[in-house]
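Following: one structure in structure tokens, then a few remarks.
The values are calculated or read from the model by the stated rules, or taken from the named source; none is laboratory data. Values in this document were obtained by computation on a predicted structure and should not be read as measured data. In this analysis, Cβ positions are derived from the backbone assuming ideal geometry, glycine residues included, and neighbour counts consider all displayed protein chains.
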Amino acid sequence: MITLYSKPDCPYCDQAKAWLAKNDIAYTVLDINEDRDAKDFLVSSGHKTVPQIYLRDQLLVEGGFAGLSKRDPQQLKEEINAN
């Protein structure tokens, strides 16, 4: 399952969640304002923005929502299921 690193009042995070839901792709949200380990992970990975979209500790989509919105939903599902 995808992990979406997010924070409240983030329009790009909201758009990523809506895109995933619209395309019937399951995901879990980690709020970096509430989960210190999640925030530390992102910072240690070199990220400065959210959303960040991971699959099993590997960056799945580069570019947050902008990158996600350019992906073909069916290909993304296949990539998720292959891992």
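Applying the set (1) modelled with pLDDT of 95 or more; (2) within 13 Å of the chain's Cα centre (by Cα) to residue 45 leaves exactly one unmet item: (2).
What about residue 65, is it surrounded by 13 or more Cβ atoms within 10 Å (Cβ to Cβ) and over 12 Å from the mean Cα position of the chain (by Cα)?
Considered against the rule, which asks whether it is surrounded by 13 or more Cβ atoms within 10 Å (Cβ to Cβ) and over 12 Å from the mean Cα position of the chain (by Cα), residue 65 comes out as no.
Results for (1) in contact with a helix residue (DSSP H, G or I) (Cβ under 9 Å, 6 or more places away or on another chain); (2) within 19 Å of residue 7 (Cα to Cα); (3) without any contact (Cβ under 8 Å) to a residue 60 or more places away in the chain; (4) of a type in the set (Val, Ile, Thr), shown as yes or no for each residue.
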{"site": "21", "(1), (2), (3), (4)": "no, yes, yes, no"}
{"site": "27", "(1), (2), (3), (4)": "yes, yes, yes, no"}
{"site": "32", "(1), (2), (3), (4)": "yes, yes, yes, yes"}
{"site": "39", "(1), (2), (3), (4)": "no, yes, yes, no"}
{"site": "43", "(1), (2), (3), (4)": "no, yes, yes, yes"}
{"site": "60", "(1), (2), (3), (4)": "yes, yes, yes, no"}
{"site": "67", "(1), (2), (3), (4)": "no, yes, yes, no"}
{"site": "74", "(1), (2), (3), (4)": "no, no, yes, no"}
{"site": "81", "(1), (2), (3), (4)": "no, no, yes, no"}
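Among the residues of the range 2-11, is any in contact (Cβ under 8 Å) with a residue 60 or more places away in the chain and in contact with a Leu (Cβ under 9 Å, 6 or more places away or on another chain)?
Yes, some residue in the range 2-11 is in contact (Cβ under 8 Å) with a residue 60 or more places away in the chain and in contact with a Leu (Cβ under 9 Å, 6 or more places away or on another chain).
Checked against (1) within 26 Å of residue 81 (Cα to Cα); (2) over 12 Å from the mean Cα position of the chain (by Cα), residue 29 meets all criteria but (2). Within the range 1-57, restricting attention to residues that are within 24 Å of residue 74 (Cα to Cα) and among the hydroxyl-bearing types (Ser, Thr, Tyr), the residue that is surrounded by the fewest Cβ atoms within 10 Å (Cβ to Cβ) is 28.
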